[in-house]
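Peer 1: For reference, the structure I am asking about is given below.
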Amino acid sequence: MSDPVFLFGTLRHAPLRAAVLGGDAPAQVGQLPGYIVLEQAGYPVLVARDGASAFGSLLRPNATQLARLDLYESLFDYTRHSVPDGQGGHVWLYRPAQALTLTDAAPWVLADWVAQMGEAAILASTEIMALARVHSTEALSVRYPMLLAHACARLRGRSEPAPHNLRRAAQRDDVDSVSTAQPYAYFFGVQSDDLRFRRFDGTLSPVVRRAGFVMTDAVTVLPYDPVRDCVLLVEQFRYGLYLRDVANCWSLEAIAGRIDAGEQPEGAALREAQEEASLELSAGALRFVGQSYPSPGSISECLFQYVALCKLPEDDRAIGGLESEHEDIRRHVISFARLMQLVESGEIQNGPLLTTAYWLALNRDRLRAV
């Protein structure tokens, strides 16, 4: 390919570019007259602007690298176009189907993005390019946002304390990975590993096969009004109950949702409260219940659970949820006594809500005395 590719966004970051292209791919500093790179939701957008000049990187990929670039950019609905370079030649440029016309956005800064999302993007992109060998582009375009959030969860997990007052003190060589496969990848993913793990007698186990559901981290939040001594629950249809063939597939739960890429657990809790129950909560209202794995034998999800102190509305049974996610969520404001009656009767079967209800029972007097 004679004309270079002009990279204006995240692929200017050399480690990410290497992950996408399958190896180091040096690029030169370049400019593209008539454009500017602006920020939209933390990401770069190339916008036409007279008199401006976008800074970027000029890359001359080989055929294999170009094919990988085309595939990667297609996940975000970007395609390659030839545009004048302002010096009598042309460059290739990846752009969305419709050009964006942002007017009041700030310039996008690569260093800021690298500091917040660079490491997670490298993890997610390395994995998405490996998945591309066996999965369709359509599946991967759905999978990537979840992989990015999962990458953030992995980084969060690496940085968390790992106390071992009772359990063993784990070392890096306590698990030996032999091979890894991901036979299913769409919104969620399934990973299968052949591995050996350290047994309590100090030896490594025989090679065993384990499979798990690859999910992101998530939050739950139970709003509690200490003045009226009442809580807010949400109710919705749950597919897992349907799969078990139960008589009633509608579940009473605490507010819950996934932690998005680049988001902190507390921020996710506040966002989900607004989306699911139209509650505007402050960060200072959150009380940390605990961090737990609902089914660690087969699911990677880690839950960050909260109680939120707030003033609750009357029980209007309002319907909420995001239409874009086909959510149909009804809220219930009930007394604490009614909550515990539902626990005792078995009508509440949601694990995180049970945990939080018992935590609230233990701490309720203290919270009401504040």
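The values are calculated or read from the model by the stated rules, or taken from the named source; none is laboratory data. This is a predicted model, so every value here is computed, not measured. Please note: Cβ atoms are built from the backbone with ideal geometry, for glycine as well, and neighbour counts cover all protein chains shown. Areas reflect the complete protein model, heavy atoms only, side chains present, ligands, DNA and RNA absent. Shrake-Rupley method; radii C 1.70, N 1.55, O 1.52, S 1.80 Å.
Peer 1: Those residues that are in a helix (DSSP H, G or I) and closer than 25 Å to LEU286 by Cβ, I need them from segment 235-270; list them, please.
Peer 2: Residues of segment 235-270 that are in a helix (DSSP H, G or I), as a first pass: 239-243, 265-270.
Scanning segment 235-270 gives PRO265, GLU266, GLY267, ALA268, ALA269, LEU270.
Peer 1: In addition: Considering only segment 59-68, state which residues are assigned to a loop (DSSP other than H, G, I, E, B) and open to solvent by 40 Å² or more (accessible area, probe 1.4 Å).
Peer 2: Correct list: ARG60, ASN62.
Peer 1: Then there is this: Return a yes/no flag: does segment 114-134 have any residue that is modelled with pLDDT of 90 or more, farther than 30 Å from GLN264 by Cβ and either open to solvent by less than 40 Å² (accessible area, probe 1.4 Å) or not β-branched (Val, Ile, Thr) (or both).
Peer 2: yes
Peer 1: Specify which of the listed residues (LEU222, LEU232) is of a type in the set (A, V, I, L, M, F, W, C), surrounded by 21 or more Cβ atoms within 10 Å (Cβ to Cβ) and either part of a loop (DSSP other than H, G, I, E, B) or within 22 Å of the chain's Cα centre (by Cα) (or both).
Peer 2: On the way: LEU232 fails: either part of a loop (DSSP other than H, G, I, E, B) or within 22 Å of the chain's Cα centre (by Cα) (or both).
Among LEU222, LEU232, only LEU222 is of a type in the set (A, V, I, L, M, F, W, C), surrounded by 21 or more Cβ atoms within 10 Å (Cβ to Cβ) and either part of a loop (DSSP other than H, G, I, E, B) or within 22 Å of the chain's Cα centre (by Cα) (or both).
Peer 1: Here is a follow-up. Taking ARG317, is it of a type in the set (Lys, Arg), outside any helix (DSSP H, G or I) and closer than 30 Å to ALA41 by Cβ?
Peer 2: Taking the combined requirement at face value, the residue does not satisfy it.
Peer 1: Criterion first (of a type in the set (A, V, I, L, M, F, W, C) and either within 19 Å of GLU119 (Cα to Cα) or open to solvent by 60 Å² or more (accessible area, probe 1.4 Å) (or both)) does ALA54 satisfy it? Write out each step before concluding.
Peer 2: Working: of a type in the set (A, V, I, L, M, F, W, C): yes; either within 19 Å of GLU119 (Cα to Cα) or open to solvent by 60 Å² or more (accessible area, probe 1.4 Å) (or both): no.
Spelling it out, it is not the case that ALA54 is of a type in the set (A, V, I, L, M, F, W, C) and either within 19 Å of GLU119 (Cα to Cα) or open to solvent by 60 Å² or more (accessible area, probe 1.4 Å) (or both).
Peer 1: Between residues in segment 254-271 that are open to solvent by less than 10 Å² (accessible area, probe 1.4 Å) and residues that are hydroxyl-bearing (Ser, Thr, Tyr), which pairs lie under 6 Å by C-beta distance while being six or more apart or on different chains?
Peer 2: ALA254/THR220; ALA254/THR356; ALA269/TYR306
Peer 1: Identify all residues within segment 343-355 that are part of a loop (DSSP other than H, G, I, E, B), open to solvent by less than 50 Å² (accessible area, probe 1.4 Å) and touching a residue at least 24 places away in the same chain (Cβ under 8 Å); write none if there are none. Let's see the steps before the verdict.
Peer 2: Quick first cut of segment 343-355, residues part of a loop (DSSP other than H, G, I, E, B) only: 346-350.
Next, from what is left, pick out any that are open to solvent by less than 50 Å² (accessible area, probe 1.4 Å): 346, 348, 350.
Across segment 343-355, the qualifying residues are ILE348, ASN350.
Peer 1: Of the conditions (1) open to solvent by less than 20 Å² (accessible area, probe 1.4 Å); (2) in a strand (DSSP E or B); (3) of a type outside the set (Ser, Thr, Tyr), LEU279 satisfies every one except a single condition; which number is it?
Peer 2: If we test LEU279 against (1) open to solvent by less than 20 Å² (accessible area, probe 1.4 Å); (2) in a strand (DSSP E or B); (3) of a type outside the set (Ser, Thr, Tyr), just (2) comes out false.
Peer 1: Which of (1) modelled with pLDDT under 95; (2) open to solvent by 60 Å² or more (accessible area, probe 1.4 Å); (3) closer than 26 Å to SER136 by Cα does ASP104 not meet, given it meets every other one?
Peer 2: Against the list (1) modelled with pLDDT under 95; (2) open to solvent by 60 Å² or more (accessible area, probe 1.4 Å); (3) closer than 26 Å to SER136 by Cα, ASP104 comes up short only on (3).
Peer 1: Could you check segment 326-342 and list, in sequence order, the residues that are out of contact with any Ser or Thr (no Cβ under 9 Å at 6 or more places or on another chain) and open to solvent by less than 90 Å² (accessible area, probe 1.4 Å)?
Peer 2: Residues satisfying the conditions are GLU327, ILE329, ARG330, HIS332, VAL333, ILE334, SER335, PHE336, ALA337, LEU339, MET340, LEU342.
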